[in-house]
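To start, the structure under review is shown below, and the notes come after it.
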Amino acid sequence: MTNQTSQQLIALEEKYGAHNYHPLPVVLEKGEGVYVWDVEGKRYYDFLSAYSAVNQGHSNPRIIAKLKEQADKLTLTSRAFYNAELGKYEEFMTNLFGFDKILPMNTGAEAVETALKLARKWGYEKKGIPVGEAIIVVCKDNFHGRTTTIISFSNDEDARRHFDPYTAGFTAVEYNDTEALKALFQEKGKNICGFLVEPIQGEAGVNVPSEGYLTACKALCTEHNILFIADEIQTGIARTGKMLAIDHEGIQADVLVLGKALSGGAYPVSAVLANDDIMEVIQPGQHGSTYGGNSLACAVAREALQVVLDDKLADNAERLGKVFRSELEKLIEQFPLFKSVRGKGLLNALLINDTPESETAWNFCLAMKDNGLLAKPTHGNIIRFAPPLVMTDDQLADCIAIIQKTAAEFKS
């Protein structure tokens, strides 16, 4: 254990770090499976999983062993040379997700940027859009990262304000509104190269679209020769009860964006997948990253995905998610504090019966922390619940009991 207290370590971050986050006041030092421990040794259930990056559980022994094994051999060469892990990783990934090619990157935002560049270049070189006129359609209330380009098409003013001038070439439509998308495609389809969508909007509060929405969007994209780009950074890798959230509707993206749990939280790894007719527009020198496709990342990601498959984590997420929502429905009937629950698999949101401007959800999360469960509000009055997918029935029951106990004791 560290010799410094939580308060001392929080004070260090406050003094020396940029204030670009508002963390829950807990300082974590150790993690294992569904649990994390603070520097004083108190154990908590982690119900955020690093925004779904730790689907395979904290310090998954197989992933950590692979990381150590590869780190002892080779970590980074850059792409100036071939390395012994990249080709094996690329073969594994393309076979698993059903694409011809993969472009490896590091962070989720990098992967989204890569997909945007890929769509624009494809639009000019394959679809024949006049240079400078390509449009990418996005959904309102999206969250795809915080780079300058990405915040340019966000409607979150906290993310946008005073970071202008913004990047042009994006048009936003309402999420879960196929008629709005159809009208836009009919009006501007000749110049639209891509439609970027989260199958479930995570940061916006786990907004689950109507059944058939994604299928209809894909059909419209096919009709108008527009790339359907699925941002599965948070929803992918078994989180929603399938390997990908779009698998619930049995559709294939033209461009698939992955990150977060791709490495089980052990290392920054992201990827963009597409077939040859799309990916071939990227030629040497036109896009890349020093760390993208490094040996350590490739070895870790391959093992992390194999853990998901071997341990049937998608099935576990599907089953436990139904239990969780069913039990929370009972709590909603019991406590006026709760308004509703929504989600898919083990990506869920509990809506607090108060305004987004209130601090009720934040205070409830503080109270849950005191009772041994960590979660975080999003959009003010919504609490996102996303535990590691290795959770057991008994552990989930324990967590539901903590939520109930907290609600019974809670005074807003």
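In this structure, does GLY194 turn out to be in a strand (DSSP E or B) and closer than 24 Å to MET105 by Cβ?
Yes: the conditions hold for GLY194.
For TYR89, all conditions in the list (1) touching a helix residue (DSSP H, G or I) at 6+ places or on another chain (Cβ under 6 Å); (2) part of a loop (DSSP other than H, G, I, E, B); (3) under 17 Å from LEU262 (Cα atoms) hold save one; what is the number of the exception?
So TYR89 meets the others, but not (2).
Within the range 372-409, take every residue that is out of contact with any strand residue (DSSP E or B) (no Cβ under 6 Å at 6 or more places or on another chain), surrounded by 15 or more Cβ atoms within 10 Å (Cβ to Cβ) and over 15 Å from ASN348 (Cβ atoms) and give me the one that is modelled with the lowest pLDDT.
Among those residues, the one meeting the criterion is GLY380.
Just the residues that are farther than 20 Å from SER52 by Cα, hydrophobic (A, V, I, L, M, F, W, C) and in a loop (DSSP other than H, G, I, E, B), please, taken from the range 332-388.
Answer for the range 332-388, where residues must be farther than 20 Å from SER52 by Cα, hydrophobic (A, V, I, L, M, F, W, C) and in a loop (DSSP other than H, G, I, E, B): PHE335, LEU337.
If only one of TYR21, TYR51, TYR45 is of a type in the set (Ser, Thr, Tyr) and part of a strand (DSSP E or B), which one is it?
TYR45
Out of all the residues in the range 35-55, is one or more under 21 Å from GLY202 (Cβ atoms) and free of Cβ contacts under 8 Å to residues at least 60 places away in the same chain?
Checked the range 35-55: no residue is under 21 Å from GLY202 (Cβ atoms) and free of Cβ contacts under 8 Å to residues at least 60 places away in the same chain.
Inspect all residues belonging to the range 158-177 and state whether any of them is in a helix (DSSP H, G or I) and either in contact with a Phe, Trp or Tyr (Cβ under 9 Å, 6 or more places away or on another chain) or within 30 Å of GLY293 (Cα to Cα) (or both).
The answer is yes; a qualifying residue exists.
Just to be sure I understand, how many residues within the range 306-350 are closer than 12 Å to LYS242 by Cβ and β-branched (Val, Ile, Thr)?
1
Being assigned by TED's automatic domain parsing to the domain that holds PRO377, modelled with pLDDT of 95 or more and among the aliphatic types (A, V, I, L, M) is true for just one of LEU74, LEU12. Which residue is that?
After applying the criteria, what remains is LEU12.
Looking at LYS121, is it among the basic types (Lys, Arg) and either part of a loop (DSSP other than H, G, I, E, B) or surrounded by fewer than 17 Cβ atoms within 10 Å (Cβ to Cβ) (or both)?
Spelling it out, it is not the case that LYS121 is among the basic types (Lys, Arg) and either part of a loop (DSSP other than H, G, I, E, B) or surrounded by fewer than 17 Cβ atoms within 10 Å (Cβ to Cβ) (or both).
Can you spot a residue in the range 219-227 that is part of a loop (DSSP other than H, G, I, E, B) and crowded, with 22+ Cβ neighbours inside 10 Å?
The answer is yes; a qualifying residue exists.
Within the set of pairs 6 or more residues apart or between chains, which connect a residue that is of a type in the set (Lys, Arg) inside the range 152-164 to a residue that is surrounded by 13 or more Cβ atoms within 10 Å (Cβ to Cβ) with Cβ atoms less than 8 Å apart?
Final answer for the pair search is ARG160/ILE151; ARG160/SER152; ARG160/SER154; ARG160/TYR166.
For the range 154-174: of the residues being of a type in the set (A, V, I, L, M, F, W, C) and closer than 21 Å to TYR124 by Cβ, which is nearest to the chain's Cα centre (by Cα)?
PHE170
Could we say that LEU184 is surrounded by 16 or more Cβ atoms within 10 Å (Cβ to Cβ), in contact with an Asp or Glu (Cβ under 6 Å, 6 or more places away or on another chain), assigned by TED's automatic domain parsing to the domain that holds GLN283 and outside any loop (DSSP other than H, G, I, E, B) here?
Against the criterion (surrounded by 16 or more Cβ atoms within 10 Å (Cβ to Cβ), in contact with an Asp or Glu (Cβ under 6 Å, 6 or more places away or on another chain), assigned by TED's automatic domain parsing to the domain that holds GLN283 and outside any loop (DSSP other than H, G, I, E, B)), LEU184 does not qualify.
Does ILE129 satisfy the criteria of being more than 23 Å from the chain's Cα centre (by Cα), crowded, with 18+ Cβ neighbours inside 10 Å, among the aliphatic types (A, V, I, L, M) and not in a helix (DSSP H, G or I)?
Against the criterion (more than 23 Å from the chain's Cα centre (by Cα), crowded, with 18+ Cβ neighbours inside 10 Å, among the aliphatic types (A, V, I, L, M) and not in a helix (DSSP H, G or I)), ILE129 qualifies.
The values are calculated or read from the model by the stated rules, or taken from the named source; none is laboratory data. Predicted model only: the values in this text are computed from it and were never measured. All Cβ positions, even for glycine, are placed from backbone atoms using ideal geometry, and neighbour counts span all protein chains on display.
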